[in-house]
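Below: the structure, in structure tokens.
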Amino acid sequence: MNEPRPPTAEEQLEFLQQLQRLLDEGSFVASYKFALLHAIADLCVLKGDDSGAELELLTSEIAERFIRLYWRQTAPFVAGDEKQILKQNTGRQAAVVRDVADHHNRYHGSLADLERSRSDWNALLRGVEQTIRRMPLWKLQTVGSERLEFLYQNLDAGGVVRLEPGVAYCFRAFYPMVTDIIEGAWSHFVQRHNRKLLGQIIDLRAFLFGAQRSSLAAFHPLLREVQKGRCFYCERDIKSRADVDHFIPWRLYSLDLGHNFVLAHQGCNSSKSDLLAAEEHLERWTLRNHACRDALGDSFDQLDILHDWPATRQVARWAYGQAYQAGRQVWVTKQHLRPLSDDWRRILANASRPAA
């Protein structure tokens, strides 16, 4: 058996071209195919590596990503005097949207509460998984009468998808660009099927996929206490307004899990912007989250905030790995950038060890 290898530049270009064909030429009667592509990309970051090897995904894992993607979208959209859930099918409302919307209503928009109710969560997960197996999974790679089986083989049955060699690598390498394309096409689909309600609204994408500054007020008191009233980055006292910052930038991966947030001076946060923080900041972040994992988890639960430290750590490993491979610079302080060193590997490896 051949050892896995990263795809060549030509193979990576072919991947992007085939993906663009799916989005441009594929038949979309519901938004499921957009959700499926986004879910696969997410899971490549969370589960994959950069070896170029195959990657096995369970349909239950894809179903969980579906629920997370559709959760925000099933809040009623308010336009003037009208308020309704956006239509995501050419006919009646898509089944997954109906089911997720029902749970969204019953749990008052709290996905954390739904996850804690294991019977309801598992029932929803099973229902969404069955729909995925029946509808988009084995039809995604069909363009007219042609099958483009470049992502995985269409087995037409089963609960496992095995991504072809190089696919996980490409999704990881081009994740920000790929998800930007998918979300743009998805937003256009929803806009087209809700013209009467939406009119010429221009912030639909923020409604569907979230915005960088959405609902972060709950983090302020907790992070201020954890950081002893100091800015996470410069470590000086916070004497005026502070920002809750995504440590792994939202622009790279929309990670709204509790461990990803820090409190920073507005000046530090603005200067860092969408850059990855330097190794000293990464080490402080991993030490905080690793040492205080249980206490932070309890606090997040009390505040109804979703959290998953292993998943957050995996996203960090992906983000810093991609930056290192590309020779990117990281943010140290205001007006000070430097190339990322190999030390990020040691830092994140230490964060994987059991807490003392």
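Residue pairs whose Cβ atoms lie under 7 Å apart, sitting 6 or more positions apart in sequence or on different chains, and linking a residue in segment 102-126 that is touching a residue at least 12 places away in the same chain (Cβ under 8 Å) and assigned to a helix (DSSP H, G or I) to a partner that is surrounded by 15 or more Cβ atoms within 10 Å (Cβ to Cβ) and of a type in the set (S, T, N, Q), are His104/Thr74; Leu125/Ser60. Among the residues making up segment 139-159, a single one is in contact with an Asp or Glu (Cβ under 6 Å, 6 or more places away or on another chain) and either surrounded by fewer than 18 Cβ atoms within 10 Å (Cβ to Cβ) or of a type in the set (Asp, Glu) (or both): Val143.
Condition check ((1) over 19 Å from the mean Cα position of the chain (by Cα); (2) closer than 30 Å to Gly166 by Cα; (3) modelled with pLDDT under 95) across all residues:
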position	(1), (2), (3)
Ile40	no, yes, no
Leu58	no, yes, no
Ala63	no, yes, no
Ala94	yes, no, yes
Tyr107	yes, no, no
Leu125	no, yes, no
Gln130	yes, yes, no
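Entry remark, segment 13-30: residues being in contact with a Gly (Cβ under 8 Å, 6 or more places away or on another chain) and in a helix (DSSP H, G or I) number 2 in total.
Only one of the numbered conditions (1) of a type in the set (D, E, K, R); (2) without any contact (Cβ under 8 Å) to a residue 40 or more places away in the chain; (3) within 27 Å of Glu183 (Cα to Cα) is violated by Asp298, and that is (3).
The number of residues in segment 24-34 being more than 18 Å from Asn154 (Cα to Cα) and under 22 Å from the mean Cα position of the chain (by Cα) comes to 2. Selection of first residues in segment 221-250 that are among the acidic types (Asp, Glu) and of second residues that are modelled with pLDDT of 95 or more and in a loop (DSSP other than H, G, I, E, B), restricted to Cβ pairs under 8 Å at least 6 apart or on distinct chains, gives the following pairs, ordered by first then second residue: Asp237/Gly229; Asp237/Cys231; Asp245/Phe232. Those helices (runs of 4 or more DSSP H) of segment 249-356 that lie entirely within it include none in which at least 1 residues are at positive phi and surrounded by fewer than 20 Cβ atoms within 10 Å (Cβ to Cβ). Counting residues in segment 226-242 that are among the acidic types (Asp, Glu) and at pLDDT below 95 gives zero.
Phe247 meets the conditions (1) at pLDDT 95 or above; (2) over 24 Å from Ala39 (Cβ atoms) in every case but one. The failed one is (2). Within segment 31-82, the set of residues being part of a strand (DSSP E or B) and either free of Cβ contacts under 8 Å to residues at least 60 places away in the same chain or in contact with a Lys or Arg (Cβ under 6 Å, 6 or more places away or on another chain) (or both) comprises Glu56, Val78. The one condition from (1) of a type outside the set (A, V, I, L, M); (2) assigned to a helix (DSSP H, G or I); (3) closer than 17 Å to Ser187 by Cα that Arg98 does not meet is (3).
The values are calculated or read from the model by the stated rules, or taken from the named source; none is laboratory data. Since this is a predicted model, take the numbers as computed values, not measurements. Don't worry about glycine lacking a Cβ; one is built from the backbone with ideal geometry, like all the others, and counts go over all protein chains shown.
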